[in-house]
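Asker: Can you keep this structure in mind? I'll have questions shortly.
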Amino acid sequence: MITSNSPDRRRPGRWPAAGMTRKQGGRTRAVRISPGRIGRWSARHPWLALAVWVAFVVGCVAAGAAAGTSMLSSGSVGQSARGADVMARQGLPGASREYAYVHGGTLVSTDPGFMAAVGEVQRRITALGLRASATTSADRTIAAAAR
């Protein structure tokens, strides 16, 4: 037995609409809409199903157009956008930097061979049209930084 506020008397034995209830064995159960039921309906009414999908797509496109879009200066979204925003507020985004780390297994930073290797890295970076500088860190590793 199907119960609702306005039963569908035109189609006895059919589910009238979503949100209806069905009495079975003294209990009232909600009518469930399953993918199989939707598939059967779509197979029986292909043109109406197609029209519903086209209307859905048109509605989504219209809602997206009504909501509008905004372009981000960095082109990033989500966490990347938040990170870019924090960096911009702190004044961090600047010129890109590239680092070349030079280290030796047996040489230390004061050895002439090691300094020659650092000089060669600086020469190659400068040949690329970049500015190069060398600094010594606490663990005696030479870093040639290019900007």
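Asker: Convert each backbone phi in the range 56-63 into a coupling constant with the Karplus relation 6.51 cos²θ - 1.76 cosθ + 1.60 (shift: θ = phi - 60°), then list the ³J(HN,Hα) values in order as whole Hz, x for Gly and Pro.
Answerer: Values, residue by residue: 4, 5, 4, x, 5, 5, 5, 5 Hz.
Asker: Report the gain in length on full extension from R40 to D85: 0.36 nm times residue separation, minus Cα-Cα distance, nm rounded to one decimal.
Answerer: Taking R40 through D85 to full extension adds about 11.2 nm, to one decimal.
Asker: Label points 7 Å out from Cα along the Cβ direction at L50 and T110: separation in nm?
Answerer: Going from the L50 label point to the T110 one covers 8.5 nm.
Asker: Based on the Cβ-Cβ distance from A62 to A30, what FRET efficiency comes out when R0 is 41 Å, to the nearest 0.05?
Answerer: 0.80
Every number in this text was worked out from the coordinates using simple rules, so none of it is lab data. Values in this document were obtained by computation on a predicted structure and should not be read as measured data. So basically every Cβ, Gly included, is an ideal-geometry build from the backbone, and we count neighbours across all protein chains shown.
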